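The values are calculated or read from the model by the stated rules, or taken from the named source; none is laboratory data. Here the structure is a predicted model, which means the values were calculated and not measured. All Cβ positions, even for glycine, are placed from backbone atoms using ideal geometry, and neighbour counts span all protein chains on display.
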C-alpha cells in the first residue's frame, strides 16, 4: 500500500515526511499546551524545555547510546525533578514561584551545558540541533521496520502523540475539573498532585521527542502558542483542544511553505507562523479579540445614542402633548457629532421615528422602545429615592447611565420593590409596557403634577 | 600567574554578576523574576537585524538592535496581558518563543548571505564565550554599571516604594510607570551587554539566582541589594577562577583536574551552589534554621505537657512534689517515644523537675511554672464553656494547643469575668478546678470518679 509513496518524486517524499512529522509534533505539543495555559503553568513548559538537556546527557552517559527508551527515561526523571524542586523551593523555602522556576531551570541547563562539554566528543548532541532542530534532515536518519524505511523522527513522535491523546481521553473528567476549579477537584477527592506530575512527565516526554525535530525553544512555542490561540477563540475545553491541534497543524503547513519560499529555517518559520496566528486571534477572535471587543463597544455606544434620542422625543411629547422636536434640537440636546446624525438616519430607516413637517415623531415601534427606556430610567430614579434615600435632584444623572442596562426582568423586580407607584420622584408617570396596557392614557395622567 | 586576558574576564564577569544581582533584585521583588529570560531570548532577532542592517559584526549596532527588540518584547507582553484572556505567564512564553523563533529565521537568512559566517556568533550567543571578552566589553559593562548605580542612588526612595507598594506609590502621585520602565531599561541594558560573555540562559540566571539567594539573608532592601551584588560578583569570581583552572576541581572518580569548563555555566553553578547554601543555612529563613526553630518549639511544648501532667497527677493525692512513675505519666497522656525523653531532658535543664531515684518530681520552681500553665489551660477552658458555649468535654483539646501561647496579660483578662461571677474563682492567681475530669483522673487504673 506504500507503493504510491515510493514512486513519488524524492523531493515530494521529503516534503510529505517533514510535514507529517511536524504536524504530529505540533499536535502532541498543542494538546498538552492547552492544560499548561489553562492551569497557568506555561512557564513550567518553558523551564522543562531547557531542563531536559542534562537529563539527556545523563541518560547518554549511563546507557552509552541515545536510544529512545534511555532518552525518555532521562526526560521523565528530569521532568519530575524540575517539578519537585520548584514546588519544594516555593512551598518549603518560601521562594516566589517564578523565581524558583528561574533558579531551577537555569541551574539545570548550566549543568547540562557543562556535561555536554565534558562528554561532548561522545554525545551526538549538537548545540545547533538543540537550538534549530533538524527538521530538514528528517530523511537522513531512517530505521528499517518491516522492510520499510521509516524516519526515526516518526518513530519518536508517534508513541508520544498516542500517549498524549490517551492521557486526554482517559483523564478527561479530571482534567476538565482540575483546569477550571482545582479547589473543587481536590474537595471531590481527585488526586490533583498525581495529575500534576503526570502532566509534567508527559510535557518532558513530548519536549524530548519534539526537541530533535524543532529545537528546544521552539518546543516552547509549539506548547504555548497554539493553545493560547485556541484559548482566545473558545470557552469550551473540547473545542479548545481541537482548535489548538488545528492551529498546530496549520502552523506546520504554513511554516513549511514559508521556509521553502524564503529559504529559511523550517522550525523557526513554523513557530513564527504560529505567532502570527496568535496575533490574528488577538485582534479578530469573535469573543476576546480587540476588534470584536471594539465593535461591541461601538455597537453599545450607538445603541445608547439611539435610546437617548428616542427618550428625548418621548419626553418632549409627554411634556407638552403634540410637541414635536426638530432634528436640530436633538443634535443640540445630545451634544452634536456625526454619530448622532448617523443614528438618527438609522432610526428613520428602521421606521422608529418619522420625519414630519412639524418635527420628529415616534412610530408605534419607536414609542414602545422609548417607553421601555423611559420606564427603566424612572423606575431607577424612584428606587434610588425610595430605597436608598437619595435626594430628588441627585437621581437623574445615575439613571441616565443605568437606563440602558436595565432589562425586562430587572424592571419587573424594581417595579415589584416599588409597589403600585406610578409616578417618578419628579412627579412624571412611569410608562407601563404593553403587557398591561397597549397605549397608556397619557393625557389624563399628565394633568396630575 | 593570572594572565591579562583572564584578568579581563575576571573583572567583566564579577562586575556583570554584581550589577545583574542588584538590578535583578528589583525584578524578583516585583514578581517578574523571569523578565531576564524574556529579554535574553528576545534579543536574538534584534542582534540579527542589527547585523543585517550594518552588514558585519559591529557591537554598537547589534547592541542597539538587541535593546530595541528587548523593549519591544516587554511592551508586547504587557499589551497581550492586557487582553486578560491570555494570562501573564502565557504572554511571557508566547513573546519569548516567537521572538526567538523569529531570530532563528533571521539567522538562517544571515547564513544564506554570501558573506555568511554568523554561525560562530550564534553559539557565543547561546552559551556565551567568555574567552572572547575584550576591553570594549569591559568598558561597556562598566559604563552601564556606573549608570545603573547612579540612577539607583538618585531614586533610591522612589524605587524602594514602587517595589514594595506600587498601589500606594500610584496614589501618592509617583510616576510608577516611568520608574518601572527605568528599572526595566537598566535590566535590558545589562542583559544585552552580558549576552556575549555568558549567553542567553546564563544571563537570565544571573538576574534571578543572586537575588533569590540574597532574599534568604535579610528583610531589608539595602542589605538585600548588597548581598545580591556580593553573591553575583562572588559567583563571577569563583566561576571564572574555576574555569580558568586557577581553582582546580576534579570530576568525581578522576585523578586529573577538570579542564576547559565553560565559563558561563560554571559561574551559574557557583551561583546555584551559593543559593543552595542559602536555602539550607540562612538564619531565620533557611531550612535548617526553620527545622531548629520547630524542634525547639516542639520540645518546649512537650516539656509544658510534662509539667501539667505531673501537676494534675499531684492534684489527685495532694502531693505536688511527689516523684511519679513513668507508667503513671504514660498512662495520663499519649506520648510519642522520643517526646517524653526530650521533654524530661528539657524540663531538667530548666530546673523544673528533678529525679528522685529514677522518678521525675516537680521542683518548687517547676510547681510554679506548672501552676501558670494549668491556670492558663483551665481559664481558657472555662472561657470557652462560658462565652463560646462549648460543651465541657470538648474544650480540653483546644486548650491543650492554646495554653502555651497565653500571655500573663491575656490570662488576667480571662480571669476577670470568672472572678466577677465568684463561682469558680475566688481569689486572683488561684488555680481553678478543671471543668472536666483531667486526663490523669480518667486514665487511672481504678477508673475515674470525678
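Of all residues in the range A:68-111, none satisfies the criterion of being touching a residue at least 60 places away in the same chain (Cβ under 8 Å) and within 12 Å of another protein chain (Cβ to nearest Cβ). Among the residues of the range B:263-304, those that are away from chain A (no Cβ under 14 Å), surrounded by 13 or more Cβ atoms within 10 Å (Cβ to Cβ) and either in contact (Cβ under 8 Å) with a residue 60 or more places away in the chain or within 30 Å of residue B:235 (Cα to Cα) (or both) comprise B:300, B:301, B:304. Looking at A:237, A:177, A:243, just one residue is within 14 Å of chain B (Cβ to nearest Cβ), surrounded by fewer than 24 Cβ atoms within 10 Å (Cβ to Cβ) and within 20 Å of the chain's Cα centre (by Cα), and that residue is A:243. Here residue B:112 meets the list (1) surrounded by fewer than 18 Cβ atoms within 10 Å (Cβ to Cβ); (2) modelled with pLDDT of 90 or more; (3) under 23 Å from residue A:258 (Cα atoms) almost entirely, failing just condition (2). Applying the set (1) away from chain A (no Cβ under 14 Å); (2) closer than 25 Å to residue B:278 by Cα; (3) not in a helix (DSSP H, G or I) to residue B:174 leaves exactly one unmet item: (2). Taking the criterion of being surrounded by fewer than 18 Cβ atoms within 10 Å (Cβ to Cβ) and not in a helix (DSSP H, G or I), the residues of the range B:25-55 that qualify are B:30, B:31, B:55.
Which residue is surrounded by the fewest Cβ atoms within 10 Å (Cβ to Cβ), if the candidates are limited to the range B:86-95 and must be facing another protein chain (nearest Cβ under 7 Å) and assigned to a helix (DSSP H, G or I)? Walk me through how you get there before you give the answer.
Taking the range B:86-95 as the starting set, the residues that turn out to be facing another protein chain (nearest Cβ under 7 Å) are B:86-87, B:89-90, B:92-94.
Still in the running and assigned to a helix (DSSP H, G or I): B:89-90, B:92-94.
On the way: B:89: 24, B:90: 27, B:92: 26, B:93: 33, B:94: 28.
If we take residues in the range B:86-95 being facing another protein chain (nearest Cβ under 7 Å) and assigned to a helix (DSSP H, G or I), then B:89 is surrounded by the fewest Cβ atoms within 10 Å (Cβ to Cβ).
For the range B:97-109, taking the residues that are within 22 Å of residue A:45 (Cα to Cα) and more than 7 Å from every other protein chain (Cβ to nearest Cβ), the one that is modelled with the lowest pLDDT is identified as B:103.
Among the candidates A:358, A:307, A:317, the residue that is loosely packed, with under 13 Cβ neighbours inside 10 Å, away from every other protein chain (no Cβ under 12 Å) and touching a residue at least 24 places away in the same chain (Cβ under 8 Å) is uniquely A:358. State yes or no: is residue B:201 assigned to a helix (DSSP H, G or I) and under 20 Å from residue B:144 (Cβ atoms)? In short, no.
Of all residues in the range B:14-60, those being more than 14 Å from chain A (Cβ to nearest Cβ) and within 15 Å of residue B:267 (Cα to Cα) number 5. Of the residues screened, residue A:128 is one that is part of a helix (DSSP H, G or I), assigned by TED's automatic domain parsing to the domain that holds residue A:56 and at pLDDT below 90. Just one of the listed residues (A:281, A:269, A:258) is within 12 Å of chain B (Cβ to nearest Cβ), crowded, with 22+ Cβ neighbours inside 10 Å, without any contact (Cβ under 8 Å) to a residue 24 or more places away in the chain and over 23 Å from residue A:105 (Cα atoms), and it is A:269.
Table: residues versus (1) crowded, with 17+ Cβ neighbours inside 10 Å; (2) more than 35 Å from the chain's Cα centre (by Cα); (3) assigned to a helix (DSSP H, G or I); (4) touching a residue at least 12 places away in the same chain (Cβ under 8 Å).
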{"site": "A:387", "(1), (2), (3), (4)": "no, yes, yes, yes"}
{"site": "A:390", "(1), (2), (3), (4)": "no, yes, no, no"}
{"site": "A:393", "(1), (2), (3), (4)": "no, yes, yes, no"}
{"site": "A:397", "(1), (2), (3), (4)": "no, yes, yes, no"}
{"site": "A:400", "(1), (2), (3), (4)": "no, no, yes, yes"}
{"site": "A:406", "(1), (2), (3), (4)": "yes, no, no, yes"}
{"site": "A:412", "(1), (2), (3), (4)": "no, yes, yes, no"}
{"site": "A:415", "(1), (2), (3), (4)": "yes, yes, yes, yes"}
{"site": "A:425", "(1), (2), (3), (4)": "yes, yes, no, yes"}
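Here's the yes/no breakdown for (1) modelled with pLDDT under 85; (2) in contact with a strand residue (DSSP E or B) (Cβ under 8 Å, 6 or more places away or on another chain):
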residue: A:135; (1), (2): yes, no
residue: A:150; (1), (2): yes, yes
residue: A:176; (1), (2): no, no
residue: A:212; (1), (2): yes, no
residue: A:222; (1), (2): no, no
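Among the candidates B:22, B:74, the residue that is more than 30 Å from residue B:108 (Cα to Cα), touching a residue at least 60 places away in the same chain (Cβ under 8 Å) and assigned to a helix (DSSP H, G or I) is uniquely B:22.
When residue B:246 is tested against (1) more than 13 Å from residue B:268 (Cβ to Cβ); (2) surrounded by 14 or more Cβ atoms within 10 Å (Cβ to Cβ), only condition (2) is not met.
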